[in-house]
Amino acid sequence: MNKKNLIFPITIILVFYTVAVGLFFGTGELFYLLNFVYIGTAISLCIFLSGALPKNKFNLARRLCQLLVGLYLLVFVGILLKENLQIEGFWFYLFSGIFAGSTIHYFIAKIFGTIFFGRGWCGWSCWTAMVLDLFPWKKPKKKVNQKFAKIRYIHFIISFAFVVALYYFSDSGKKSYYEANNELYWLLAGNIIYYIIGFILAYTLKDNRAFCKYVCPVPVFQKVGARYSLLKIEINKDACIDCKLCEKNCPMQVELLKYKDRGKRVLSTECILCMNCTRVCPKEAIRTSMKIGK
């Protein structure tokens, strides 16, 4: 790995350590310092390994990141500390005016963080995808059904409306944050449902990431910042031979080459920065770049 390839891991470290120190001094909570130092260190280490390992071992680094971050958030923060990190938990915290747990997670990983790293969360840290990526259907054959893709927006609206109804029209909704077991039950029930739906869709459509494309409500948040993200995939027009291996191996089925032909970085908000395209490119024409603009 050359010095240039160290820029991204170092950037990750600086961003997460800055957040860790800021939240620690802002709240006085040691947990936030340790939490974001751990996550930032884990992600930057895995990104470093993704560049240091041979290309055929690249996915080991990404899988390691999913395990280090995904399991930590789901098992330790979610189950052991009883924090509901599902989208419903975010809504409950937000309506309660509580800046902790789920609100911090969503603002940093899934809302404001997308301005810097796009949908990198989906590719490297999501605990739902951590499991779904174990299935064998990594190269979807059928095109994305754009009508079905609207289901995630419907899911987003229903989730919001459901929590609004519970919070403003029932006592249980207002007490959700103060009854830790309720948060745990929400988290467990939500994840079980997600995993079941994810497996059914993956098996039926022969597509590991079908859940991400059609059901998951999180991209509704992410797409706004991801469109203008500093970090994007870039294809060297002169080096590319149009073999289309990048598109064939893209789990989100992004039409990468059309951006290359227009002289732009990949602007699609479906890109999850999994870096499969860089791994399979025979001419090393694909890389990530961090800059303002297209």
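What follows draws every value from the coordinates through simple rules; no lab data is involved. Everything quoted here is computed from the prediction, not taken from an experiment. Heads up, the Cβs are rebuilt from the backbone with ideal geometry, glycines too, and the neighbour counts pull from every protein chain shown.
A few comments on the model shown:
- Alpha-carbon centroids, the stretch 1-56 and the stretch 103-123: separation in whole Å: 14
- Where N is the number of residues in the stretch 230-290, Cα Rg divided by 2.2 N^0.38 Å: 0.95
- Ellipticity at 222 nm from helices only: DSSP H runs of n ≥ 4 in the chain, each -39500 (n - 2.57), divided by the residue count, give -16000 deg cm²/dmol.
- Cα radius of gyration and Dmax for the chain (Å): 19.2, 62
- Were the residues from Ile158 through Ile292 laid out at 0.36 nm apart, the gain over their Cα-Cα distance would be 44.8 nm.
- Full-stretch length increase - Cys243, Glu179 - with 0.36 nm per residue and alpha-carbon distance subtracted: 17.5 nm
- Distribution of pairwise C-alpha distances over the stretch 67-133, 10 Å bins, in %: 22, 51, 26, 1
- Relative contact order of the chain, defined on C-alpha pairs under 8 angstrom at six or more residues apart (%): 20
- Cys residues of the chain counted as unpaired, since no other Cys beta-carbon is under 4.7 Å: Cys122, Cys126, Cys212, Cys216, Cys240, Cys243, Cys250, Cys271, Cys274, Cys281
- For the stretch 1-125, the alpha carbon convex hull comes to 101 Å³ per residue, rounded to a whole number.
- Per-peptide packing, taken as the mean over residues of other Cβ atoms within 10 Å, places 145-157, 118-130, 58-70, 81-93 in the sequence 118-130, 81-93, 58-70, 145-157 from highest down.
- Each 10 Å bin, from zero up to the one with the longest distance, holds this percent of the alpha carbon pairs of the stretch 25-71: 27, 41, 21, 9, 2.
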